[in-house]
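The values are calculated or read from the model by the stated rules, or taken from the named source; none is laboratory data. Because the structure is a prediction, the values reported are computed rather than measured. Note that each Cβ is placed from the backbone with ideal geometry, even for glycine, and that neighbours are counted across all protein chains shown.
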Amino acid sequence: MPSREGPYKTRLKKKIQRMFPDCVILRLDSDDQQGIPDLLILFGNKWAVLEVKISESAPIQPNQEYWIEHLGTMSFAYFIYPAIEEDVLNELYQALQPCGYTCLSERK
């Protein structure tokens, strides 16, 4: 049975590709690692993951919250669904923008 999230993921990938024309978007395989988020976005030297849901009430599978929290400490990781899509994509845009002169380097 096809996922109800499939068409939404496809539309979402197209939106992200328009936001970041040079990005690479990969669908991750939760069969490989239970609960791993659906999409990996690579852009320049930054990355993000998104767990796509059809709605706020869509069930959360085992380990999905763990991975969003864990990967969120490394980079950008969020659940996304249509009702909050605009907010999440705005935050994604901010997170993946190249650092300008106001960004502080962690190197010494």
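All conditions in (1) part of a strand (DSSP E or B); (2) at pLDDT below 95 hold for residue 50, with the sole exception of (2). Checked against the criterion of being without any contact (Cβ under 8 Å) to a residue 24 or more places away in the chain and not polar (S, T, N, Q), the candidates 96, 40, 89, 50 yield just one match: 40. Would you say residue 36 is touching a Leu at 6+ places or on another chain (Cβ under 8 Å), surrounded by 11 or more Cβ atoms within 10 Å (Cβ to Cβ), assigned to a loop (DSSP other than H, G, I, E, B) and modelled with pLDDT of 95 or more? Considered against the rule, which asks whether it is touching a Leu at 6+ places or on another chain (Cβ under 8 Å), surrounded by 11 or more Cβ atoms within 10 Å (Cβ to Cβ), assigned to a loop (DSSP other than H, G, I, E, B) and modelled with pLDDT of 95 or more, residue 36 comes out as yes.
The set of residues in the range 64-84 that are out of contact with any helix residue (DSSP H, G or I) (no Cβ under 8 Å at 6 or more places or on another chain) and either modelled with pLDDT under 95 or assigned to a helix (DSSP H, G or I) (or both) comprises 64, 65, 66, 67, 68, 69, 70, 71, 72, 83, 84.
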